[in-house]
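These notes are about the structure you will find just below.
The values are calculated or read from the model by the stated rules, or taken from the named source; none is laboratory data. Just so we're clear, the structure is a prediction, and the values are computed from it rather than from any experiment. A quick note on method: Cβ atoms are made from the backbone with ideal geometry, for glycine too, and the neighbour counts reach across all protein chains shown.
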Amino acid sequence: MISLTEQWKKHQPLVKVDWENIVINIGREIEHPMQEVHLIENVDILQYTTAWLLRVKEIKFSAWDKPEVSFPISELKPGTYKAQAKCNLHWTWDDDFTI
């Protein structure tokens, strides 16, 4: 059985924000495998509001995609967000970020 630490290394999203783009890589130390039997299905971008998390963007993946997404920072309003990556076998993993 793989430890939670090992799971974290390849499932935890890593969000990088600069002046122009937001880049999300799935896997902190090891890139998540993308195979038909084991893959990241989607990444949701959720915005924190006063009452709940509001999904503002969804990126879907196939087994042939690289587990990475990039989009212009202008697509989001200033605020605090959660990038939530869903693995078809190992739950949902997330990372918070602010723009």
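What to note about this one:
- Pairs are defined by a Cβ separation below 6 Å, a sequence spacing of at least 6 or placement on different chains, a first member in the stretch 4-15 that is crowded, with 18+ Cβ neighbours inside 10 Å and modelled with pLDDT of 85 or more, and a second member that is of a type in the set (A, V, I, L, M) and not in a helix (DSSP H, G or I); the pairs so defined are P13/I24; P13/I26; P13/A83; P13/A85; V15/I24; V15/A83.
- If you go through the stretch 50-99 and keep only what is of a type in the set (S, T, Y), part of a strand (DSSP E or B) and under 18 Å from K16 (Cα atoms), you end up with S70, T80, Y81, T98.
- Matching option when the condition is among the hydrophobic types (A, V, I, L, M, F, W, C) and either loosely packed, with under 11 Cβ neighbours inside 10 Å or in contact with a helix residue (DSSP H, G or I) (Cβ under 6 Å, 6 or more places away or on another chain) (or both), among I22, I59, I73, I26: I22
- Within the stretch 73-89, residues that are on the phi > 0 side of the Ramachandran plot reach partners that are surrounded by 15 or more Cβ atoms within 10 Å (Cβ to Cβ) and among the polar types (S, T, N, Q) with beta carbons closer than 9 Å, at six or more positions or on different chains, in the pairs G79/Q47.
- Residue count, the stretch 34-49 (criterion: in contact with a Cys (Cβ under 8 Å, 6 or more places away or on another chain) and more than 17 Å from I22 (Cβ to Cβ)): 3
- All of (1) more than 10 Å from the chain's Cα centre (by Cα); (2) buried (at least 16 other Cβ atoms within 10 Å of the Cβ); (3) aromatic (F, W, Y) hold for W64 with one exception: (2).
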